[in-house]
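The values are calculated or read from the model by the stated rules, or taken from the named source; none is laboratory data. On a predicted model such as this, the values are computed, not experimentally measured, just so you know. Cβ placement follows ideal geometry from the backbone for every residue including glycine, while neighbour counts extend to all protein chains displayed. When the accessible area is computed, the model is the full protein with side chains, heavy atoms only, and any ligands, DNA or RNA have been set aside. Shrake-Rupley method; radii C 1.70, N 1.55, O 1.52, S 1.80 Å.
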Amino acid sequence: MRLGVLDIGSNTVHLLVADVRPGGRPLATTSQRTVLRLMRYLGPDGEIVEEGVVALERAVAEARATATKEGVDELLATATSAVREAANGVEVIARIEAALDQPLQVLGGETEARYTFLAVRRWFGWSAGQILLFDIGGGSLEIAAGADELPDAAVSVPLGAGRMTVQFLPSDPPGMDDIQRLREHAAATLAPVVDELGDHPRPDHVVGSSKAIRSLAKLAGFPMPGWSGIERMVLPRKELKAWIPRLARIPAEARQELPGITADRTFQIVAGAVVLHQAMKALDIDELETSPWALREGVLLRYIESLSWHPTS
């Protein structure tokens with residue numbers, strides 16, 4: 001059957017269409033992204049202002065139309081932290097559902113981490129052993145760890161790249177004093193996470209799965225050949241740290257000229273780099289490898305598992 005996953009995140013509304021079958025790998029056919037950066041539309045009381053809600057309605061209606069055109073049998077619509085935590089979230093969800101003409105699944109941060117961890121485990125396989133996952137969105141940072149398909153620990157903290165840009169790096173380009181304040185805030189926010197993960201085994205494999213992390217890996221990391229012929233991107237913490245002051249000196253408009261930095265990430269990539277570096281430092285991680293699969297693939301995989309599977313023999 002043909003499934004669609006609509007991921008309504010803090011930065012983008014992203015539709016992924018894939019052909020699926022029980023026991024099979026999802027085969028993507030269409031990917032459509034609308035950049036919103038919802039953090040720009042937050043009012044003084046934490047509500048999404050009318051302009052932002054209208055932009056959301058327009059984006060999800062376009063995604064719904066694309067899904068229909070592509071012959072999607074079922075559309076799995078999910079929303080993450082920006083909608084989840086908005087002061088007027090109940091109203092926003094109702095208007096999104098009206099635009100979609102179907103219910104919306106609002107994912108909690110821990111659930112988001114678990115879906116993403118499943119996708120990463122399936123991508124790297126059992127041979128990856130104990131996995132530690134980092135995933136930075138616009139509103140939150142998810143961290144998960146474990147040796148199975150479901151993580152033994154999954155946490156979400158409000159350290160998303162968009163959120164941190166609005167709160168700590170409002171100037172373009174940001175000053176080093178603001179970056180230092182963000183470092184200190186991230187370190188304090190991550191301290192309880194470090195305590196929670198302290199009793200877990202040392203990871204065999206550390207993975208970053210979000211677009212922000214993949215962008216940073218293209219900028220500051222390096223490629224390595226994979227066993228299946230697929231190029232692997234590795235991001236060392238030392239190189240990431242070295243790039244932070246360089247990124248901070250460049251105006252957002254000019255950052256898209258850098259390798260890996262797309263136009264929709266130019267404003268929040270500095271905050272994403274600071275948060276990721278602090279997370280790696282806090283958990284004593286020297287380098288990570290990126291994953292092409294993340295939340296949307298995790299939602300697909302979990303749904304595939306729920307399908308009836310009738311062996312032919």
Pick from Val120, Val166: which is at pLDDT below 95 and within 21 Å of Ser215 (Cβ to Cβ)? Val166
Can you name every residue in region 202-251 that is part of a helix (DSSP H, G or I), open to solvent by 50 Å² or more (accessible area, probe 1.4 Å) and in contact with a strand residue (DSSP E or B) (Cβ under 7 Å, 6 or more places away or on another chain)? Arg214, Lys218, Arg237
Hey, Asp148 hits all of (1) out of contact with any helix residue (DSSP H, G or I) (no Cβ under 8 Å at 6 or more places or on another chain); (2) charged (D, E, K, R); (3) in a loop (DSSP other than H, G, I, E, B) but one; which does it fall short on? (1)
Would you please name the residue that is farthest from Arg302 (Cα to Cα), looking only at residues in region 1-60 that are assigned to a strand (DSSP E or B) and polar (S, T, N, Q)? Thr34
Just checking, which of Thr66, Thr34, Thr80 is closer than 26 Å to Leu141 by Cα, open to solvent by 20 Å² or more (accessible area, probe 1.4 Å), in contact (Cβ under 8 Å) with a residue 12 or more places away in the chain and of a type outside the set (A, V, I, L, M)? Thr34
Residue in region 253-265 that is surrounded by the most Cβ atoms within 10 Å (Cβ to Cβ), counting only those that are hydrophobic (A, V, I, L, M, F, W, C) and under 20 Å from Ser210 (Cα atoms): Ile261
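Considering only region 77-129, state which residues are of a type in the set (D, E, K, R) and more than 21 Å from the chain's Cα centre (by Cα).
Answer for region 77-129, where residues must be of a type in the set (D, E, K, R) and more than 21 Å from the chain's Cα centre (by Cα): Glu91, Arg95, Glu97, Asp101.
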Cβ pairs under 8 Å, 6+ apart, first in region 239-260 and more than 20 Å from Phe168 (Cα to Cα), second among the basic types (Lys, Arg) and open to solvent by 40 Å² or more (accessible area, probe 1.4 Å): Pro259/Lys218; Gly260/Arg214; Gly260/Lys218
Filtering region 93-111 down to residues that are assigned to a helix (DSSP H, G or I) and within 25 Å of Asp73 (Cβ to Cβ) yields Ile93, Ile96, Glu97, Ala98, Ala99, Leu100, Thr111
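Name the residue that is nearest to Val194 (Cα to Cα), counting only residues in region 152-172 that are assigned to a loop (DSSP other than H, G, I, E, B), touching a residue at least 60 places away in the same chain (Cβ under 8 Å) and open to solvent by 20 Å² or more (accessible area, probe 1.4 Å).
Looking at the filtered set, the residue picked out is Pro158.
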